[in-house]
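In what follows, a single structure is set out as structure tokens and then discussed.
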Amino acid sequence: MPIDSILGWSRTVEVDPGLSARPSERVAIVTCMDARILPEKHLGISVGDVHLIRNAGAVITEDVVRSLMLSQHLLGTTAVMLIGHTKCGMEGLDEVAVADAIEEARGERPPLPLGSFAAVADSVRAGMRELRGDPLVVGEVRGFVFDVDTGALEEVGPAV
């Protein structure tokens, strides 16, 4: 089993039972689920520093907004970092073809959009606009693109 090879049945990790659920940096990060993205390593953050919300493509969905709302209103975060990345599998994805393949495999079409986009920086800008316009999300919202080849993190400004 692949999971066993990663975790093992008797694995124990070091934890800090006194750590608060409130992130010390008061920041929530929304980023992609891509295995090449390790926010702890790439941003120099530690356990307890931030809330980390991940999904395919770092796309703003209803569940991302729900998580941010709870992060801010219950657990004190005041800023959001939205981080897309280069070479993202959602960039340029043919949603119709993927939905067709999923339907063929499982006999049912996906009930929701997959969230593809044409260009990662534009997707981050769109996500920032969406979060800034949502009354459930408060505080500072900034967007970035992480380069998976160089490790550079570049801030994305508003569309010109």
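Odds and ends about this structure:
- Magnitude of the charge dipole, segment 98-142, Cβ model with Lys/Arg +1 and Asp/Glu -1, debye to 20: 260
- When you work out D = kT/(6 pi eta Rh) for segment 1-148 at 10 °C and 1.306 mPa s, using the Kirkwood radius from C-alpha pairs as Rh and the Stokes-Einstein form, the result is 93 µm²/s.
- Rolling a 1.4 angstrom probe over the protein heavy atoms with all chains in place gives the chain an accessible area of 62 Å² per residue.
- Longest DSSP-loop-exposure-free segment, GluC sites (Glu not before Pro), the chain, at most 10 other Cβ within 10 Å: 15-107
- Here's how it looks for ALA79: its modeled amide H is under 5 Å from those of ALA28, which are all 5 or more places away or on a different chain.
- Within-10-Å neighbourhood charge of ILE60 [Cβ basis; K, R +1; D, E -1]: -3
- Neighbourhood charge, 10 Å Cβ-Cβ cut-off, centred on THR78 and excluding it, Lys, Arg +1 and Asp, Glu -1: -1
- Label point distance in nm, SER46-ASP63, each placed 7 Å from Cα along Cα→Cβ: 3.1
- DSSP-assigned coil residues among chymotrypsin sites (Phe, Trp or Tyr not before Pro) in segment 89-153, each with at most 12 further Cβ atoms within 10 Å: none
- Those residues of segment 48-68 whose amide nitrogen sits under 19 Å from the label point placed on ARG142, 7 Å along Cα→Cβ: 49-53
- Helical mean residue ellipticity (222 nm; -39500 (n - 2.57) per DSSP H run of 4+; nearest 500) of the chain: -9000 deg cm²/dmol
- Extending 7 Å from the Cα toward the beta-carbon at both MET33 and ALA105 defines two label points whose distance is 1.2 nm.
- Accessible surface of segment 1-134, 1.4 Å probe, proportion on carbon and sulfur as whole %: 58
The values are calculated or read from the model by the stated rules, or taken from the named source; none is laboratory data. Quantities reported herein were computed from a predicted structural model and do not represent experimental measurements. Every residue, glycine among them, receives a Cβ derived from its backbone with ideal geometry; neighbour counts consider all protein chains shown. Please note that ligands, DNA and RNA were not included when accessible areas were found on the heavy atoms of the full protein model with its side chains. Shrake-Rupley method; radii C 1.70, N 1.55, O 1.52, S 1.80 Å.
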